[in-house]
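Single-structure report; data block below.
The values are calculated or read from the model by the stated rules, or taken from the named source; none is laboratory data. Nothing here was measured: the structure is a model prediction, and the numbers come from that model. Cβ: placed from backbone, ideal geometry, glycine included. Neighbour counts: every protein chain shown.
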Amino acid sequence: MERKSRILVVEDEEAQRWALRQYLTREGYDVIEAPDGESGLRLAREAQVDLAVVDVMLPGLDGFELVKQLRRDSSIPVLFLTARGEEWNRVAGLEIGADDYVVKPFSVPEVVARVRAHLRRAAERGGERASLREIAGGSEVRVGGVSLDLGSRRCLLEGRPVELTRREFDLLATLARRRGQALSRRQLLEEAWGTVHLSEKTVDVHVARLRRKLGDALRLTPLRGVGYRLEA
Ligand code: CA
(Lines give C-alpha, C1' and ligand atoms only; values in the text may rest on other atoms or scores of the structure.)
Protein backbone atom coordinates (compact mmCIF):
# COMPACT_ATOMS: atom_id res chain seq x y z
CA MET A 1 0.00 0.00 0.00
CA GLU A 2 1.12 3.52 -0.74
CA ARG A 3 2.46 5.50 2.18
CA LYS A 4 0.00 8.08 3.50
CA SER A 5 1.10 11.66 2.98
CA ARG A 6 2.34 13.12 6.25
CA ILE A 7 1.19 16.61 7.21
CA LEU A 8 2.87 18.64 9.92
CA VAL A 9 0.63 21.19 11.69
CA VAL A 10 2.56 23.88 13.61
CA GLU A 11 0.05 25.91 15.61
CA ASP A 12 0.09 27.02 19.25
CA GLU A 13 -3.69 27.22 19.60
CA GLU A 14 -4.82 23.82 20.72
CA ALA A 15 -8.40 24.12 19.36
CA GLN A 16 -7.18 24.93 15.86
CA ARG A 17 -4.63 22.13 15.89
CA TRP A 18 -7.35 19.76 16.99
CA ALA A 19 -9.73 20.86 14.21
CA LEU A 20 -7.04 20.51 11.55
CA ARG A 21 -6.01 17.11 12.83
CA GLN A 22 -9.60 15.84 12.80
CA TYR A 23 -10.24 16.89 9.21
CA LEU A 24 -6.88 15.95 7.77
CA THR A 25 -6.97 12.53 9.44
CA ARG A 26 -10.45 11.97 8.08
CA GLU A 27 -9.11 12.81 4.60
CA GLY A 28 -6.61 9.99 4.97
CA TYR A 29 -3.49 11.95 5.93
CA ASP A 30 -1.04 11.05 8.61
CA VAL A 31 -0.96 14.13 10.87
CA ILE A 32 1.79 15.17 13.26
CA GLU A 33 1.69 18.31 15.36
CA ALA A 34 3.89 20.85 17.05
CA PRO A 35 2.79 23.66 19.41
CA ASP A 36 5.79 25.93 18.78
CA GLY A 37 8.34 26.86 16.14
CA GLU A 38 11.36 25.00 17.51
CA SER A 39 9.68 21.61 17.73
CA GLY A 40 7.94 22.29 14.41
CA LEU A 41 11.26 22.88 12.66
CA ARG A 42 12.76 19.76 14.23
CA LEU A 43 9.83 17.58 13.14
CA ALA A 44 9.80 19.08 9.63
CA ARG A 45 13.43 18.05 9.26
CA GLU A 46 13.35 14.67 10.93
CA ALA A 47 9.91 13.15 10.40
CA GLN A 48 9.67 12.72 6.61
CA VAL A 49 6.99 15.36 6.29
CA ASP A 50 5.30 15.88 2.89
CA LEU A 51 3.68 19.24 3.64
CA ALA A 52 3.62 21.69 6.55
CA VAL A 53 0.80 23.96 7.71
CA VAL A 54 2.46 26.73 9.74
CA ASP A 55 0.88 29.47 11.82
CA VAL A 56 2.79 32.76 11.46
CA MET A 57 2.33 33.85 15.08
CA LEU A 58 4.04 31.25 17.23
CA PRO A 59 5.77 31.54 20.58
CA GLY A 60 9.56 31.55 20.36
CA LEU A 61 10.63 30.86 16.80
CA ASP A 62 7.82 32.33 14.67
CA GLY A 63 6.43 30.91 11.44
CA PHE A 64 8.59 33.13 9.22
CA GLU A 65 11.81 32.14 10.93
CA LEU A 66 10.77 28.48 10.88
CA VAL A 67 10.21 28.52 7.11
CA LYS A 68 13.36 30.54 6.45
CA GLN A 69 15.44 27.94 8.27
CA LEU A 70 13.53 25.01 6.79
CA ARG A 71 14.13 26.31 3.26
CA ARG A 72 17.89 25.85 3.63
CA ASP A 73 17.47 22.12 3.18
CA SER A 74 13.85 21.32 2.34
CA SER A 75 11.50 22.04 -0.54
CA ILE A 76 8.29 20.58 0.91
CA PRO A 77 5.15 22.69 0.30
CA VAL A 78 4.35 25.09 3.16
CA LEU A 79 0.93 26.62 3.78
CA PHE A 80 0.91 29.65 6.10
CA LEU A 81 -1.93 30.49 8.47
CA THR A 82 -2.04 34.26 8.85
CA ALA A 83 -4.33 36.67 10.71
CA ARG A 84 -6.83 38.82 8.89
CA GLY A 85 -5.56 42.30 8.12
CA GLU A 86 -1.91 41.28 8.09
CA GLU A 87 -1.48 41.69 4.37
CA TRP A 88 2.28 42.21 4.71
CA ASN A 89 2.50 38.79 6.32
CA ARG A 90 1.19 37.05 3.26
CA VAL A 91 3.49 38.76 0.81
CA ALA A 92 6.51 38.39 3.08
CA GLY A 93 5.61 34.77 3.71
CA LEU A 94 5.49 33.94 0.02
CA GLU A 95 8.76 35.77 -0.56
CA ILE A 96 10.61 33.72 2.03
CA GLY A 97 9.38 30.47 0.55
CA ALA A 98 5.86 29.61 1.70
CA ASP A 99 3.73 28.24 -1.13
CA ASP A 100 0.36 29.57 -0.08
CA TYR A 101 -1.53 31.11 2.82
CA VAL A 102 -4.93 30.91 4.43
CA VAL A 103 -6.40 33.81 6.39
CA LYS A 104 -7.65 33.27 9.94
CA PRO A 105 -10.31 32.62 10.99
CA PHE A 106 -10.04 29.93 8.34
CA SER A 107 -12.52 27.34 7.20
CA VAL A 108 -11.00 23.93 7.83
CA PRO A 109 -12.34 22.41 4.58
CA GLU A 110 -10.60 25.22 2.70
CA VAL A 111 -7.29 24.41 4.36
CA VAL A 112 -7.78 20.74 3.53
CA ALA A 113 -8.53 21.57 -0.11
CA ARG A 114 -5.34 23.66 -0.37
CA VAL A 115 -3.33 20.89 1.26
CA ARG A 116 -4.62 18.42 -1.32
CA ALA A 117 -3.87 20.80 -4.22
CA HIS A 118 -0.30 21.45 -3.06
CA LEU A 119 0.45 17.80 -2.50
CA ARG A 120 -0.81 17.05 -6.00
CA ARG A 121 1.40 19.77 -7.50
CA ALA A 122 4.40 18.52 -5.58
CA ALA A 123 3.74 15.00 -6.89
CA GLU A 124 3.49 16.36 -10.44
CA ARG A 125 6.78 18.19 -10.04
CA GLY A 126 8.33 14.93 -8.87
CA GLY A 127 6.87 13.17 -11.93
CA GLU A 128 8.27 15.80 -14.27
CA ARG A 129 11.68 15.42 -12.71
CA ALA A 130 11.45 11.68 -13.30
CA SER A 131 10.49 12.05 -16.96
CA LEU A 132 13.23 14.61 -17.51
CA ARG A 133 15.70 12.15 -16.05
CA GLU A 134 14.62 9.60 -18.62
CA ILE A 135 15.09 12.05 -21.47
CA ALA A 136 18.49 13.12 -20.25
CA GLY A 137 19.52 9.56 -19.52
CA GLY A 138 20.43 10.66 -15.99
CA SER A 139 19.35 13.26 -13.47
CA GLU A 140 21.48 15.95 -15.09
CA VAL A 141 20.32 18.63 -17.51
CA ARG A 142 22.85 20.81 -19.28
CA VAL A 143 22.11 24.17 -20.80
CA GLY A 144 25.17 26.03 -21.99
CA GLY A 145 27.78 26.04 -19.23
CA VAL A 146 25.17 25.35 -16.56
CA SER A 147 24.24 21.88 -15.44
CA LEU A 148 21.43 21.01 -13.06
CA ASP A 149 21.16 17.79 -11.15
CA LEU A 150 17.44 17.44 -10.58
CA GLY A 151 17.73 14.60 -8.13
CA SER A 152 20.14 16.24 -5.69
CA ARG A 153 19.07 19.78 -6.68
CA ARG A 154 22.66 20.83 -7.32
CA CYS A 155 23.69 23.43 -9.84
CA LEU A 156 27.13 23.53 -11.45
CA LEU A 157 28.59 26.41 -13.44
CA GLU A 158 31.49 25.23 -15.62
CA GLY A 159 31.86 22.35 -13.16
CA ARG A 160 31.87 24.52 -10.02
CA PRO A 161 28.98 24.34 -7.54
CA VAL A 162 26.68 27.36 -7.32
CA GLU A 163 24.33 27.79 -4.38
CA LEU A 164 20.75 28.40 -5.52
CA THR A 165 17.70 28.99 -3.34
CA ARG A 166 14.72 26.71 -3.79
CA ARG A 167 12.86 29.29 -5.88
CA GLU A 168 15.89 29.99 -8.06
CA PHE A 169 16.45 26.30 -8.67
CA ASP A 170 12.80 25.59 -9.51
CA LEU A 171 12.66 28.57 -11.87
CA LEU A 172 15.80 27.49 -13.69
CA ALA A 173 14.66 23.86 -13.84
CA THR A 174 11.37 24.94 -15.44
CA LEU A 175 13.14 27.11 -18.01
CA ALA A 176 15.55 24.27 -18.75
CA ARG A 177 12.76 21.74 -19.13
CA ARG A 178 11.00 24.01 -21.63
CA ARG A 179 14.14 25.38 -23.26
CA GLY A 180 13.69 27.00 -26.63
CA GLN A 181 10.11 27.98 -25.72
CA ALA A 182 8.73 31.40 -24.80
CA LEU A 183 7.31 31.33 -21.29
CA SER A 184 5.20 34.08 -19.77
CA ARG A 185 5.82 35.29 -16.24
CA ARG A 186 2.46 33.86 -15.22
CA GLN A 187 3.38 30.45 -16.64
CA LEU A 188 6.66 30.56 -14.75
CA LEU A 189 4.89 31.44 -11.48
CA GLU A 190 2.54 28.51 -11.90
CA GLU A 191 4.87 25.92 -13.35
CA ALA A 192 7.99 26.64 -11.34
CA TRP A 193 6.48 27.56 -8.02
CA GLY A 194 2.88 26.36 -8.17
CA THR A 195 1.48 29.72 -7.11
CA VAL A 196 -0.54 32.54 -8.59
CA HIS A 197 -0.33 34.67 -5.47
CA LEU A 198 3.05 36.23 -6.19
CA SER A 199 3.40 39.26 -8.42
CA GLU A 200 4.92 38.74 -11.87
CA LYS A 201 7.74 41.02 -10.74
CA THR A 202 8.93 38.23 -8.46
CA VAL A 203 9.95 36.32 -11.59
CA ASP A 204 12.11 39.26 -12.72
CA VAL A 205 13.68 39.52 -9.27
CA HIS A 206 14.67 35.85 -9.35
CA VAL A 207 15.89 36.06 -12.94
CA ALA A 208 18.16 38.95 -11.90
CA ARG A 209 19.54 36.83 -9.04
CA LEU A 210 20.17 33.91 -11.41
CA ARG A 211 21.99 36.26 -13.77
CA ARG A 212 24.20 37.51 -10.94
CA LYS A 213 25.08 33.95 -9.98
CA LEU A 214 25.45 32.43 -13.44
CA GLY A 215 26.51 35.37 -15.62
CA ASP A 216 26.72 34.85 -19.38
CA ALA A 217 26.45 31.09 -19.01
CA LEU A 218 22.73 31.68 -18.47
CA ARG A 219 21.53 32.12 -22.04
CA LEU A 220 18.23 33.68 -21.12
CA THR A 221 16.48 35.99 -23.59
CA PRO A 222 13.96 38.50 -22.18
CA LEU A 223 10.88 38.72 -24.39
CA ARG A 224 9.34 42.15 -24.19
CA GLY A 225 5.78 42.05 -22.85
CA VAL A 226 5.89 38.26 -22.59
CA GLY A 227 8.50 36.71 -20.33
CA TYR A 228 11.61 34.69 -20.98
CA ARG A 229 13.10 32.00 -23.18
CA LEU A 230 16.09 29.87 -22.27
CA GLU A 231 18.05 29.20 -25.44
CA ALA A 232 18.46 25.54 -26.24
CA1 CA B 1 -0.71 31.49 16.88
Here are some residues: Ala44, Ala52, Ala34, Ala98. Which one is away from the ligand (no atom under 16 Å from the Cβ) and crowded, with 21+ Cβ neighbours inside 10 Å?
Ala44
Can you tell me which residue in segment 55-69 is farthest from Ala83 (Cα to Cα), limited to those that are within 14 Å of the ligand (Cβ to nearest atom) and touching a strand residue (DSSP E or B) at 6+ places or on another chain (Cβ under 8 Å)?
Leu66
Of those in segment 169-186 that are in a helix (DSSP H, G or I) and of a type in the set (Gly, Ala, Ser), the residue farthest from Ala232 (Cα to Cα) is Ala173
Those residues of segment 4-27 that are within 23 Å of the chain's Cα centre (by Cα) and more than 16 Å from the ligand (Cβ to nearest atom) come to a total of 6
Residues of segment 189-232 that turn out to be touching a Gly at 6+ places or on another chain (Cβ under 8 Å) and not in a helix (DSSP H, G or I), as a count:
6
Counting only residues that are away from the ligand (no atom under 15 Å from the Cβ) and at pLDDT 90 or above, which one in segment 71-95 is surrounded by the fewest Cβ atoms within 10 Å (Cβ to Cβ)?
Pro77
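Condition check ((1) among the basic types (Lys, Arg); (2) within 19 Å of Pro77 (Cβ to Cβ)) across all residues:
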| position | (1), (2) |
| --- | --- |
| Leu164 | no, yes |
| Arg178 | yes, no |
| Gln181 | no, no |
| Trp193 | no, yes |
| Val196 | no, yes |
| Leu223 | no, no |
